[in-house]
Every structure is written in structure tokens, then in C-alpha cells.
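Here's the structure we're looking at; comments come further down.
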Amino acid sequence: MSETTMLRENITENITRTTSIIPEIGGDPPRRPTLPEILMAYSEYVWAVNLGTYVFPIIIGLGTIGNVLSFLIMIRRTMIITPTCFYMAILAISDTTILYVDCLRKWVFLMYGEDAWNINTAACRAFYYLSYSSFHYSVWIIVAMTTERFFAIRYPLKFLTVGSMRKTKGACLIILICVLLLNCQFTWSVKITEKGTCVPEENYSNFHKDVMPWIDAVFYSFLPFVILITFNVLIICSFRKAYRRQKTLHGNPTSHKSASQNRSSINHRMTAMLLSVTFTFIIMTAPKTILLCIRNEVFKFLKYNTYDFQEIALYTLITRIADLCIYTNHAINFFLYCVSGQRFRKELKLLFLCRKSRSASLSLYSLKCPPPSRYQTMQTVSRGSYENDNGLESYHAMHIISNNPNLGSNNNENCQDVNKQNEPENSL
């Protein structure tokens with residue numbers, strides 16, 4: 001983010017060494033060409049400008065609509081009760097912030113030549129702070145969401161007693177505080193120069209040039225990459241292991257098998273939504289991460305004490321493509337949910353039809369239709385198949401059933417019919 005601005009500032013200050021004066025026209029005093037005027041002679045830079053001019057607004061428009069719809073769906077009463085959906089609602093807010101604080105600002109600069117963080121020192125510091133913080137917060141929400149899903153699948157019984165919404169909200173708050181503290185130095189380490197450009201303070205120039213890019217890379221790319229890939233592999237392995245175990249189970253009543261298979265299907269679809277988000281993040285942010293690693297070795301902007309504008313134009317194009325990938329990642333979660341989430345599509349339809357979701361029947365079903373015995377319920381939980389979409393509601397229902405044997409002895413004969421009736425309600 002900031003390294004591109006500093007590169008432009010350094011080249012502009014030294015541009016007189018490599019360019020000639022533009023002849024006087026119409027009595028105007030002679031002047032030297034600006035860096036964009038020089039770079040417009042190169043096709044790579046023209047492509048970079050056109051991509052930003054025409055693609056940025058598409059990403060902002062589609063991303064805004066998609067993130068708003070995702071947020072409205074995730075806060076519906078049948079969705080917000082699960083930790084994963086709460087994380088996805090927070091993610092929609094963070095992604096929208098990125099699109100407006102960073103992507104929109106760059107588009108305005110391309111269109112009008114005015115950068116919002118060059119207005120004054122307060123705007124300079126605010127945009128730096130919000131830009132870095134929103135990027136970091138978004139990725140660590142995905143990390144927290146992936147971690148939560150892994151424990152929900154791998155240790156379902158412990159998750160039912162530990163994974164409450166209060167702890168989920170606490171995790172989001174802790175991540176926010178850590179991110180704000182990590183980037184708080186932007187509130188004093190950048191300023192507006194006499195030329196009206198937002199740059200680091202003199203005392204922090206080396207820090208922003210040599211240290212901050214790597215801090216950003218570690219907390220936005222490298223560390224999340226390792227965590228997400230590790231947990232995604234563990235989630236997939238846990239699913240394969242649970243699937244093999246399910247195939248070996250025999251002798252259970254038909255109604256219990258049906259309920260267990262339904263819960264397993266719910267769990268699978270919820271996890272499919274999460275995996276689509278995490279793998280998309282890994283793929284779409286990889287170009288920027290690779291570019292950061294190879295930039296100093298591959299791109300040589302200064303050759304024989306002269307700036308190589310061809311190299312600068314090429315670097316600008318590659319950076320623009322990497323930025324487009326990142327902004328696209330923060331704009332397409334809605335479409336990923338639509339593709340991988342059956343229940344999400346259903347809730348979207350209900351949202352457009354202005355209808356409320358029915359959750360009372362699910363609560364009644366969870367109380368009146370337990371597995372045939374307490375032992376079988378606990379056995380199913382220990383095998384990883386008793387983790388459904390209602391989180392703690394299922395845990396409380398299990399204890400109510402255990403303490404009230406009448407609930408489990410008089411209603412088993414109706415469980416199969418109720419299960420079939422409510423199966424569409426539970427589909428993700």
C-alpha cells in the first residue's frame with residue numbers, strides 16, 4: 001500500500017535528472033513532465049490505468065450489494081444463532097470497509113487525480129489506519145471462523161459446551177483490539193508534505209520502507225496462509241474420517257439414521273461455505289504475497305543512476321492486477337455463499353419475499369424428537385455426528401431430554417415424520 005506511494009514520491013523528486021523540459025506553449029512558463037505523463041507512453045501503464053478506471057467501480061458496486069445482502073441474511077434469526085454465521089456477518093462489514101477506504105480511494109485518484117489521504121494530515125493518518133486495520137481484521141476473522149469450524153467438527157462434544165455466541169463475540173472484539181493496537185503507529189508516523197503528499201515522518205521513513213511491508217505481509221498473508229491451509233487440511237481429513245466411521249455404523253433405528261445423516265449434511269454444507277471462502281482468500285491474495293517476496297530481486301527501477309520507466313510501468317501493471325485480485329476477494333463472498341450454501345439461497349429468497357424464517361418448529365423438533373436413548377445420543381456426539389446448525393440450542397436440548405425421560409419415551413414414533421418435514425429448514 002504505502003510502498004507504491006513512496007516510490008512515486010521519490011521518482012517525482014528526482015525526475016529532473018532523466019527528463020527534458022517541455023517546451024513553452026502559449027506563453028506558459030516551461031515545466032517538466034509529471035511521472036504519469038511520462039509513464040503514459042508505455043502500454044503497460046496504460047493497461048494499468050484502464051483496469052483501475054473500469055474494473056474498480058464494478059468491484060465496488062457488486063461487492064457493496066453482495067456484502068450488504070450477506071450481512072442482512074446472516075443476521076436473520078435462524079442464521080445468527082451460529083458462530084460461523086456471526087463471523088460471516090462481521091466479515092461482510094470489514095470487506096465493505098476495505099472496498100470504500102482503499103479501492104474507492106484509488107479509483108477517485110485515477111479519475112480525478114485527487115487522493116483522499118492527501119487532503120490534510122488527519123485524513124492521511126485516518127486512511128492509513130483504517131486501510132491497514134480493515135485488511136488485517138478481515139483476514140483474522142476468516143482465521144477465527146476456520147478455527148471455530150475445525151473444533152466444531154473435530155471435538156463436537158467439547159464445542160457444544162465451549163463454543164457459545166458470547167465467546168464468539170469476545171473473539172471478534174479481541175481481534176479488533178489487537179488489530180487497532182498493531183496499526184496505531186499510523187496515527188502519528190505519517191504526515192502531509194509541503195507538496196501535499198501523504199508520506200511517513202522523517203523519523204519513521206526507514207520503518208515504513210523496510211519494516212512495515214513485512215509486518216503487513218506476516219499478518220495479512222504469511223501467517224494466515226499457514227493457519228488456514230493447516231486447518232483446512234485438518235477439516236477435510238476430519239470429514240473423511242467421520243464419513244468412514246459413519247459407513248461402519250450398523251443396527252441403528254431408521255429414524256436415528258435419518259436424523260444423523262441430516263445433521264451430517266448440515267455440517268458438510270456449512271463447512272463447504274467456509275472452505276470456499278478460505279480457499280478463495282488463499283488463491284486471490286497469493287499474487288500480492290508473491291510480488292512482495294520477489295519485488296526487490298526482480299524489479300530494478302534505478303539502472304546506471306537513471307530511472308527505468310519501462311520497468312516502473314510493468315511493475316505498476318502487475319501491482320494493479322494483484323490489487324484487483326485482493327479487492328475481488330473482498331467482494332465475492334456473497335456469490336460463494338450462493339454457490340455453496342443451499343440454506344443461504346433459501347434465506348435470500350425469503351429476504352426478497354419479505355418473509356420471516358421459521359425457527360419455532362426446529363426448536364420443538366430438537367426437544368421432542370431425541371435419539372432413542374441417552375446412551376446413543378452421547379455415543380453419536382462422541383463420534384462427531386451430533387453437531388447441527390443450532391449450536392448451543394442442541395446442547396441445551398440434550399440436557400433437557402436427559403433430565404426429562406418423558407420427552408424421549410412418548411414421541412419417538414413421530415420423529416421420522418417430523419424429521420422429513422423439517423429437513424428443508426435445516427439445509428444450508
Quick one: is LYS300 outside any helix (DSSP H, G or I), more than 12 Å from the chain's Cα centre (by Cα) and not small (Gly, Ala, Ser)? yes
How many residues, within region 67-83, are assigned to a helix (DSSP H, G or I) and either surrounded by fewer than 22 Cβ atoms within 10 Å (Cβ to Cβ) or in contact with a Ser or Thr (Cβ under 6 Å, 6 or more places away or on another chain) (or both)? 6
Matching residues in region 193-218 - criterion: being touching a residue at least 24 places away in the same chain (Cβ under 8 Å) and surrounded by 14 or more Cβ atoms within 10 Å (Cβ to Cβ): THR197, CYS198, VAL199, PRO200, HIS208, LYS209, MET212, PRO213, ILE215, ASP216, ALA217
Condition met for PHE151 (under 15 Å from the mean Cα position of the chain (by Cα), under 30 Å from ARG240 (Cα atoms) and either surrounded by fewer than 21 Cβ atoms within 10 Å (Cβ to Cβ) or at pLDDT below 95 (or both)): no
Checking the structure you have, find out if any residue of region 329-338 is assigned to a helix (DSSP H, G or I), modelled with pLDDT of 50 or more and of a type in the set (Val, Ile, Thr). no
Which condition breaks for GLU114 when tested against (1) part of a helix (DSSP H, G or I); (2) more than 18 Å from ILE326 (Cα to Cα)? (1)
Evaluation of TYR337 against (1) surrounded by fewer than 19 Cβ atoms within 10 Å (Cβ to Cβ); (2) out of contact with any Cys (no Cβ under 9 Å at 6 or more places or on another chain); (3) under 24 Å from ILE93 (Cβ atoms) (one fails), failing number: (1)
Here's a check for you: in region 86-107, which residue that is charged (D, E, K, R) and within 12 Å of GLY63 (Cβ to Cβ) is farthest from the chain's Cα centre (by Cα)? ASP102
Tell me, yes or no, whether region 97-113 has at least one residue that is touching a His at 6+ places or on another chain (Cβ under 7 Å), of a type outside the set (S, T, N, Q) and touching a residue at least 40 places away in the same chain (Cβ under 8 Å). yes
Let me spell it out: the conditions are (1) out of contact with any strand residue (DSSP E or B) (no Cβ under 9 Å at 6 or more places or on another chain); (2) crowded, with 18+ Cβ neighbours inside 10 Å, and VAL190 meets all of them except one. Which number is the exception? (1)
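The values are calculated or read from the model by the stated rules, or taken from the named source; none is laboratory data. If you're wondering where the values come from, they're calculated on a predicted model, not measured in any experiment. We place every Cβ from the backbone using ideal geometry, glycine too, and count neighbours over all the protein chains shown.
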